[in-house]
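Written below as structure tokens is the structure these notes are about.
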Amino acid sequence: MATLSTSTTITEPVPIFKLAHRYLLYDVDVVTYLRREHNIAGVFIGTLPQASQQNVFLGLPLELMPEEARLLVEKGAAHIVDDVAQHKQNFLANSLGAEERKAYQAALRKQGLGAAKEASKKSDEKKKNALKKMATENWNDIPDDMFSSTPRRGRRAPQAKQEAPAASSDVSDDDTLFASSANSFPAGSVVSRTASNASTPGPEPYGVTPTTSYPPLQALKIDDGDKPELPVVPKSYPVYRHLHDKGYFLAPGLRFGCQYMAYPGDPLRFHSHFLCNGMDWDQEFDLLDLVGGGRLGTGVKKGFLVGGEQPNDSKTDDKQESEKQEVRTFGVEWGGM
């Protein structure tokens, strides 16, 4: 994973990292900058470490739709970086030296050892708390027969203890069935074994898997003469660009069965106003889709918006003017609901 410099000052164009045909942002400063300056919200896809069993609130990285990445590249606010190629170029060509590798491995081992000690400490605390709880339990819950002495427990047990040393003293080493030098263990060996167990080190260090590249990659700046890579976008991109130019925030519309949800401001402050679908100008569609979209939009207090890019038949020599074609949108609402 590549990162920007530690400075909070953002300079355009910012890098958008392409990984497995997905466009990702890893830097929180870049995420807030694009949200504030360019109305790009994106979708968080990272798991929160302290709440990993839920997906309501997520964290970095931020995934951008191809339309969002394309718009930023066209505006000159961002450029596409191939994440895999950058890692291969920086880590395989310029690998770490032997001393740097040893230092990095030692740092990982130290981190794993600290985690193991912390886990062992918590385990010991749980055991102590369990013993304290057992010591302070209500003894009235124990049956009465547990306190009554029985012949087996009270009388025969001491006799067995007294007879055991005598029996062991009467039998010599030569009379035993397995008497041999190989099976005899002197007392010194037991003591030495106990001492060796006492001198063993602490818990084994946990294995630590790094979540970031080391050392962190610096985002490479592109030359002014290089032609930026444009992400491939669907046919609905003209409608997306048109609504974005009007000041709307746009988010994926899978929740309501459409392509985009259009917000008049930041999605944290406003509800979406439109369910949007983009089409080609001459594209045929089923009228029931239009009716269903209008009913769904009205049912959730939103408008159903469809639109497309109208082809420009006028011939002009200006390339930029010919590329900027008019986009027309139509809002559908279902009355009487």
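Structure notes:
Every residue, every condition in (1) farther than 22 Å from Ala69 by Cβ; (2) not charged (D, E, K, R), yes or no:
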| position | (1), (2) |
| --- | --- |
| Lys246 | no, no |
| Ala262 | no, yes |
| His271 | yes, yes |
| Phe285 | yes, yes |
| Gly294 | yes, yes |
| Lys302 | yes, no |
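- Odd one out for Lys221 among (1) in the same structural domain as Leu71 (by TED's automatic domain parsing); (2) modelled with pLDDT of 95 or more: (2)
- Any hit, the stretch 228-250, residues being in a loop (DSSP other than H, G, I, E, B) and modelled with pLDDT under 90: yes
- For first residues located in the stretch 240-267 and over 20 Å from Val300 (Cα atoms), partners that are among the β-branched types (Val, Ile, Thr) and outside any loop (DSSP other than H, G, I, E, B) and lie 6+ apart or on another chain with Cβ distances below 8 Å form the pairs Arg241/Val327; His242/Val327; His242/Thr329; Leu243/Thr329.
- Filter pass, Gln89 being assigned by TED's automatic domain parsing to the domain that holds Arg22, part of a helix (DSSP H, G or I) and free of Cβ contacts under 8 Å to residues at least 60 places away in the same chain: yes
- Selection from the stretch 256-280 of residues that are among the hydrophobic types (A, V, I, L, M, F, W, C) and in contact with a Pro (Cβ under 6 Å, 6 or more places away or on another chain): Phe270
- Test for Glu74: is it surrounded by 10 or more Cβ atoms within 10 Å (Cβ to Cβ), of a type in the set (Asp, Glu), in the same structural domain as Tyr206 (by TED's automatic domain parsing) and without any contact (Cβ under 8 Å) to a residue 40 or more places away in the chain: no
- Yes/no for Phe274 being surrounded by 21 or more Cβ atoms within 10 Å (Cβ to Cβ) and closer than 19 Å to Glu333 by Cα: yes
Each row is one residue, and each column tells you yes or no for (1) at pLDDT 95 or above; (2) crowded, with 17+ Cβ neighbours inside 10 Å; (3) not in a loop (DSSP other than H, G, I, E, B).
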| site | (1), (2), (3) |
| --- | --- |
| Ala262 | yes, yes, yes |
| Trp281 | no, no, no |
| Leu290 | no, no, yes |
| Gly297 | no, yes, yes |
| Lys301 | no, no, no |
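- Listed by position, the strands (runs of 3 or more DSSP E) contained in the stretch 1-80 that have at least 1 residues being touching a Phe, Trp or Tyr at 6+ places or on another chain (Cβ under 8 Å), of a type in the set (A, V, I, L, M, F, W, C) and closer than 21 Å to Gly278 by Cα are 59-64.
The values are calculated or read from the model by the stated rules, or taken from the named source; none is laboratory data. What you see is a predicted model, and the numbers here were worked out from it, not measured in a lab. Quick reminder, even Gly has a Cβ in these numbers, built from the backbone with ideal geometry, and neighbours come from all protein chains shown.
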